[in-house]
Amino acid sequence: MSSQAVSQSEEPRQRMSTQKDNWLGFVGDVLKFTGEVRFKSMLRIDGNFSGNVSSADGTLIVSNGAQVTEAKINVAVAKINGIVEGDIKVSKELVLGRTASVTGTVSAPAFVVEEGALFNGSFRRVEPTPEQEKPSFRPSRL
């Protein structure tokens with residue numbers, strides 16, 4: 001029995017060593033969740049959220065049945081299948097799935113609207129953000 005207790009206590013330690021950059025953020029089916037969320041890799045919203053969502057390199061997924069209101073979204077990639085009301089700015093791609101309903105101002109370099117999606121607002125195409133490159137020439141100081 002003591003060997004079972006040891007193996008059980010070791011298991012949580014292995015989970016804790018997982019790199020946080022690979023974690024998936026998740027807002028479940030809650031009545032109301034309000035605030036500001038910043039994440040690195042991926043965030044999926046399944047419930048009701050009101051507020052700001054930002055990630056320079058991450059992907060936001062708003063699931064079918066989810067609702068994001070009073071939104072100020074600023075992410076690299078957004079895949080919307082639920083309801084979003086507010087401003088959406090993406091640096092790479094915005095995809096409105098068949099069940100999406102978006103109301104607000106959208107800016108993106110690539111905007112995909114699948115058949116069945118609803119969009120009521122304004123869209124502005126922006127140039128893609130260039131990858132950070134090392135300068136090939138650096139002037140020297142005299």
Quiz item: Which of the residues belonging to the stretch 72-94 are free of Cβ contacts under 8 Å to residues at least 24 places away in the same chain and in a loop (DSSP other than H, G, I, E, B)?
Solution: 81
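Rundown of residues vs (1) at pLDDT below 95; (2) buried (at least 21 other Cβ atoms within 10 Å of the Cβ); (3) among the small types (Gly, Ala, Ser), yes/no style:
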| site | (1), (2), (3) |
| --- | --- |
| 86 | no, no, yes |
| 90 | no, yes, no |
| 113 | no, no, no |
| 134 | yes, no, no |
Quiz item: Restricting attention to the stretch 14-50, and to residues there that are surrounded by 10 or more Cβ atoms within 10 Å (Cβ to Cβ) and of a type in the set (S, T, N, Q), which single residue is modelled with the highest pLDDT?
Solution: 50
Quiz item: Within the stretch 34-48, can one find any residue that is aromatic (Phe, Trp, Tyr) and either in a strand (DSSP E or B) or under 25 Å from residue 115 (Cβ atoms) (or both)?
Solution: no
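The values are calculated or read from the model by the stated rules, or taken from the named source; none is laboratory data. These figures come from a predicted structure and were not determined experimentally. For neighbour counting, all protein chains shown are included, and Cβ atoms are generated from backbone atoms with ideal geometry for every residue, glycine included.
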